[in-house]
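Written out below as structure tokens is the structure these notes cover.
We did not get these values from a lab; they are worked out from the coordinates using the rules stated. Here the structure is a predicted model, which is why all the values come from computation and not from measurement. Glycine also receives a Cβ, built like all others from the backbone with ideal geometry; neighbour counts cover every protein chain displayed.
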Amino acid sequence: MNQLLAQSNHESNVVLLNLLVFPNITMGELTERTFMSRQNVMNCIEKINRRYKKILTIALRPRVGITVTVNHISKIDIAAALILDDRQLIAEGFKTITQSEIINIIPTIKRHLPGNVFDYLTDSQLHAQIIACILVSNERAEANKSRLYNALLEVGMSHLQAMTLTTFFDTKSQLLDRITIRQVQLAVMATKSHYTLAMLNHLFVKEIFRHLCRSAMFPTIAPAYAVRTISYLKVKNPFAFDFAFDLSKKLQQSFENVQIDDEYVALYVYMRLNRQQQGMSAL
């Protein structure tokens, strides 16, 4: 059963990555690239729309092709999350770069970006983002011909690849700079006024702040295997999820370009509630 679920998730990931890499691809082209039947592809699209309904919508448009509309984050973000979660994907006929080329690029990127970027980004996430940038190179991206752009050209990147990587990481750095712990604190305090939650103190605010910074650098998209656990916890403690939903709405208003998943925020609330209950039990 688990193998069937894993295969189903992998097929959906293959379909979604193709849609991200090839804008306006036709159904015929998609079935040819994925070696799936039209019905199988349609089932995958339905599953993807259901699973990622908060961040993207896939639509079939006559004479245009299949389009993907993304909210809050970029197509590169989604592609990177897929690649990190399913390493088999990049062996599915996608033209990318070699492992040795990526190893050359990583030090170059690290040298030319602010250090705080890597407080919230792991090496494996950075690796996935580089591959995603190569796959989803955007011809309309406008690089500012910064030092990073020139350095990437020097290590062998094409103009388009260097431009896409520079634009992507410049945007990430700017987004991280706009997240402040004060804004997070105000959102928590405003939401707390409707609940009796004295234990959501400064430590909780710091946890949410760090979560937002991590999400800004690498958007948190719940893997399929985590969905069942979250559903169980939602039934067990609906209060935590109600609060998290309200808090997430306020946070999203302040940080429009950060992917804020209320279910992930609920996990922080749930853990904080559990700690309080354990502390009371020990008294």
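Within 10 Å of each residue's Cβ, count the other Cβ atoms and sort ILE25, ILE181 from fewest upward.
ILE181, ILE25
Note the angle between two axes, namely the Cα long axis of helix 224-236 and the longest principal axis of the Cα atoms of the chain, as a number of degrees from 0 to 90, rounded to the nearest 10.
20
Hey, got the Cα dimensions of region 219-272 along the principal axes, in Å, largest first?
Dimensions of region 219-272 along the principal axes of its Cα atoms: 30, 23, 15 Å.
Select from ASN104, ASN13, ASN71 the residue whose mean-square fluctuation is largest in a Gaussian network model of the chain (Cα-Cα springs shorter than 10 Å).
ASN104
Using Cα atoms only, what is the angle between the long axis of helix 159-177 and the major principal axis of the chain, expressed in degrees (0 to 90) to the nearest 10?
Computed tilt is about 10 degrees.
Can you sort SER193, SER146, SER231 so the residue with the fewest Cβ neighbours within 10 Å comes first?
So the residues, fewest neighbours to most, are SER193, SER231, SER146.
Filter the trypsin sites (Lys or Arg not before Pro) in region 91-133 down to the DSSP loop ones having no more than 10 other Cβ atoms within 10 Å, then list what survives.
Qualifying residues, ordered by number: LYS95.
So what is the calculated 222 nm ellipticity per residue for the chain, using -39500 (n - 2.57) for each DSSP H run with n of 4 or more, over all residues, to the nearest 500 deg cm²/dmol?
Computed mean residue ellipticity for the chain: -21500 deg cm²/dmol.
Taking Cα extents along the principal axes in Å as the quantity of interest, determine which of (1) 61, 48, 33; (2) 93, 50, 47; (3) 84, 37, 33 was computed from the displayed structure.
Answer by label: (1).
Using a Gaussian network for the chain with springs between C-alpha atoms less than 10 Å apart, which of these wobbles most: THR229, THR180, THR31?
Of THR229, THR180, THR31, the Gaussian network model singles out THR229 as fluctuating most.
How do ILE109, ILE134 rank when sorted from fewest to most other Cβ atoms within 10 Å of their own Cβ?
ILE109, ILE134
Under 5 Å between amide H atoms, partner at least 5 residues away or on a different chain: which partners does LEU56 have, H built in plane at 1.01 Å?
Under 5 Å from the amide H of LEU56: ASN71.
Looking only at VAL21, VAL155, VAL235, which one moves most when the chain is put into a Gaussian network model with springs between Cα atoms under 10 Å?
VAL235
Å³ per residue of the Cα convex hull, for region 7-72?
Convex hull of Cα atoms, per residue: 79 Å³.
Note the angle between two axes, namely the Cα long axis of helix 123-135 and the longest principal axis of the Cα atoms of the chain, as a number of degrees from 0 to 90, rounded to the nearest 10.
It is inclined by approximately 40 degrees.
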